[in-house]
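Asker: Structure below; questions to follow.
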């Protein structure tokens, strides 16, 4: 299959990237990060999570962040809503502050589901059913994520049949788009290809995206494999922010800067200004007082000096 001419990237840095940071990131910093990402040309930004602050204290300012964003036309702002209570909180304010899209997630690993959200895969799907119904009734798009689609910290490799089963369950409850997520970054191109092929049993290629972590340095290779399969939508995180708290040694999401550099080098359009994206990554890295997790950003920033 020929490579896509254009790719859509969802930057998950403000939510997935920051949610497990130990130091508190003020709402103003999160809002500024979103503004910098949209100014760089991102059209899809995962902003925050409406989850209990008891479990994810970093996201306790979710409503404040959503209300503080100066929205740009053509940009879709999404939030994670793991249950009906979270969804209702996400639409409690005036409609102008509602998310354009919600995200629900389930694991392809039974052990991960039990340890992460204290229920079975089947039970998690039933929790999401009323969330999906409520969102679609209000005209809010529903994206799903299948975590541990290629590897689990407790079960090891995940069989493609488990991915196909979960994709079918998500489809049955009305999830409109599905993400194949290598949550702990153990995936390799062949494993990812099999997981995507399993997902294609239930979703069209235009309704599937890739979400890859770079723990073993495989994220760009996995992205390239998916491009050759026809996928044209991917999650990434500015400055490589993020990680999985349930997997020892698991590092962040693939850096948005690295994906953009690769895609532009292949002649694939993203609509993203790489220089502005690098500046957005420097902004949040400076706040967190650490180096950027993006090799491309580091190299290109050093060339400026």
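Just so you know, all these numbers are worked out from the coordinates, no wet-lab data involved. Source: prediction; values computed, not measured. Cβ sites come from the backbone with ideal geometry, for glycine too, and all protein chains shown count toward neighbours.
Asker: Output the peptides 149-161, 17-29 sorted from most to least packed, where packing is the average of other Cβ atoms within 10 Å over each peptide's residues.
Answerer: In decreasing order of mean packing, 149-161, 17-29 become 149-161, 17-29.
Asker: Tell me, Kirkwood radius of the range 12-99 from alpha-carbon pair distances, in Å? Numbers along the way, then the final one.
Answerer: On the way: mean 1/r = 0.0775 Å⁻¹.
That comes to 12.9 Å for the range 12-99.
Asker: Taking only Cα atoms of the range 136-233, what ratio of Rg to Rh do you get with Rh as the Kirkwood inverse-distance radius? Show your work: numbers first, answer last.
Answerer: Numbers: Rg = 12.9 Å, Rh = 13.3 Å.
On the Cα set of the range 136-233, Rg over Rh gives 0.97.
Asker: Across the range 108-170, what fraction of all alpha-carbon pairs, as a whole percent, falls in each successive 10 Å bin from zero upward?
Answerer: Going out from 0 Å in 10 Å bins, the range 108-170 shows 21, 49, 24, 5 percent.
Asker: Nearest 5 is fine: what % of DSSP beta bridges in the chain come out antiparallel, could you say? Numbers along the way, then the final one.
Answerer: On the way: 3 of 37 bridges.
Of all bridge pairs located within the chain, approximately 10 percent are antiparallel.
Asker: Could I ask something else about it? What ranking do 280-292, 214-226 get when scored by the average of other Cβ atoms within 10 Å per residue, highest first?
Answerer: Values: 280-292: 18.4, 214-226: 21.0.
Top to bottom by mean Cβ count within 10 Å: 214-226, 280-292.
Asker: Starting from 0.36 nm per residue, how many nanometres of slack lie between residue 52 and residue 88 once their C-alpha separation is accounted for?
Answerer: On the way: separation 36, 0.36 × 36 = 12.96 nm, distance 1.25 nm.
Between residue 52 and residue 88, full extension yields 11.7 nm more.
Asker: Same structure again: Can you report the principal axis dimensions of the range 21-67 using only the alpha carbons, biggest first, rounded to whole angstrom?
Answerer: 34, 18, 18
Asker: Can you give the relative contact order of the range 1-78 as a percent, counting alpha carbon pairs under 8 Å and 6+ residues apart? Can you show the working numbers first?
Answerer: Working: 94 pairs, mean separation 28.4, N = 78.
Computed value for the range 1-78: 36 percent relative contact order.
Asker: Defining a contact as two alpha carbons under 8 Å apart and six or more residues distant in sequence, what relative contact order in percent does the range 115-193 show?
Answerer: Details: 82 pairs, mean separation 29.3, N = 79.
Value for the range 115-193: 37 percent.
Asker: Restricting things to Cα coordinates, could you compute the convex hull volume per residue of the range 44-174 in Å³?
Answerer: 110 Å³
Asker: Looking only at the range 175-269, where both bridge partners belong to it, what percent of the DSSP beta bridges are antiparallel (to the nearest 5)? Before the final figure, lay out the partial values.
Answerer: Values: 1 of 9 bridges.
The antiparallel proportion sits near 10 percent.
Asker: From Cα pairs below 8 angstrom and at least 6 apart in sequence, can you work out the relative contact order of the chain, rounded to a whole percent? The partial results should precede the final answer.
Answerer: Details: 634 pairs, mean separation 61.3, N = 305.
Over the chain, the number comes to 20 percent.
Asker: Here's another thing I want to ask about it. Using per-residue counts of other Cβ atoms within 10 Å, averaged over each peptide, order 81-91, 174-184 from highest down.
Answerer: Values: 81-91: 20.0, 174-184: 24.2.
My ranking of the peptides, most packed first, is 174-184, 81-91.
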